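This report refers to the structure that appears directly beneath it.
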Amino acid sequence: MKARQQTSFLFDLDGTLVDSVYDHVLAWHDALQEEGIEVSVWRLHRKIGMSGGLFTKALARETGRELGEEQLVRLRKLHAKHYGQRSARTVPLPGARELLAHLSTNKIPWAIATSGRMETAGPVLKILGVDPATTTVITRDLVRYAKPDPDLFLAAAERLGVAIETACVVGDAIWDMLAARRARALGIGLLSGGYGTEELERAGAYRVYDDPADLLAHLDEVGGRR
């Protein structure tokens, strides 16, 4: 008889473990305004979580203007500046610390894979109580492509030494669910980033919960046991 393959969990960060989605939205809004680019806040929210390259391409389509390489670099730096001014007030989502502690206590493998670069993710990880020196954390700096490409989650699974097919990808955005499907992992959606249940399910989520606390309460439903 084959031994049961243990489930592992690969978490997005913003909107999944920490309440930071709208901080990113407003930081991008401020950055764009400094560059004289007007984009509605709600349109920015729909793009949070995708790779920076796709994000800027989508902006170019919506604004009808090409964004040169120098301007893209400025925008990224401006976003980091404005986000840094807000990130000190960021808090973990309900149940996030407890969920990670439960997984660690029960020796269930987990990692964090975020489209953010370490310059913006680092301070938030500290607030969450996660040390990248002792925890598997994959950021945009470490892969060729970010979400909806699967690279972040594939790298996280490889670093953990687990098969991606046995992993559950937990995220708040459709970009997480699309990346999970392309990686051949199971997608679990959380409503804590502002996307609706139907949107997440349509993108591939096989379960949807309110937030980390709700996921922890139903962890047995998704194979979260020793």
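Only the coordinates and a few stated rules stand behind these numbers; no lab work does. Here the structure is a predicted model, which means the values were calculated and not measured. Positions of Cβ are backbone-derived with ideal geometry, glycine not excepted, and every protein chain shown enters the neighbour counts.
What the table shows:
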| read-out | value |
| --- | --- |
| CD proxy at 222 nm, helix term only [per DSSP H run n ≥ 4: -39500 (n - 2.57); per residue of the chain; nearest 500] | -13500 deg cm²/dmol |
| Pairwise FRET efficiency - residue 117 versus residue 38, Cβ, R0 = 30 Å, nearest 0.05 | 0.75 |
| Amide H contacts under 5 Å for residue 116, placed H, 5+ residues apart | 140 |
| Extension gain from residue 218 to residue 97, taking 0.36 nm per residue of separation minus the Cα-Cα distance | 42.0 nm |
| Positive dipole terminus of the chain, leading residue within 111, 99, 217 (C-beta point charges) | 111 |
| Pairs from 47/77; 57/126; 81/126; 47/126; 81/147 whose Cα-Cα separation, in the structure shown, is over 20 Å | 57/126; 47/126; 81/147 |
| Long-range HN-HN contacts of residue 185 with modeled amide H, under 5 Å | none |
| Residue 207 long-range amide H proximity, modeled H, under 5 Å | 189 |
| Per-residue HN-Hα couplings for segment 129-142 [Karplus 6.51, -1.76, 1.60; θ = phi - 60°; Hz; x = Gly/Pro] | x, 10, 9, x, 6, 10, 10, 6, 10, 10, 10, 4, 5, 9 |
| Segment residue 159-residue 77, length gained on full extension (0.36 nm per residue, minus Cα span) | 26.6 nm |
| Sparse-neighbour loop sites [trypsin sites (Lys or Arg not before Pro); segment 102-148; at most 10 other C-beta within 10 Å; DSSP] | 107, 144 |
| Peptides 64-72, 15-23, 93-101 ordered by average Cβ neighbours within 10 Å, highest first | 15-23, 93-101, 64-72 |
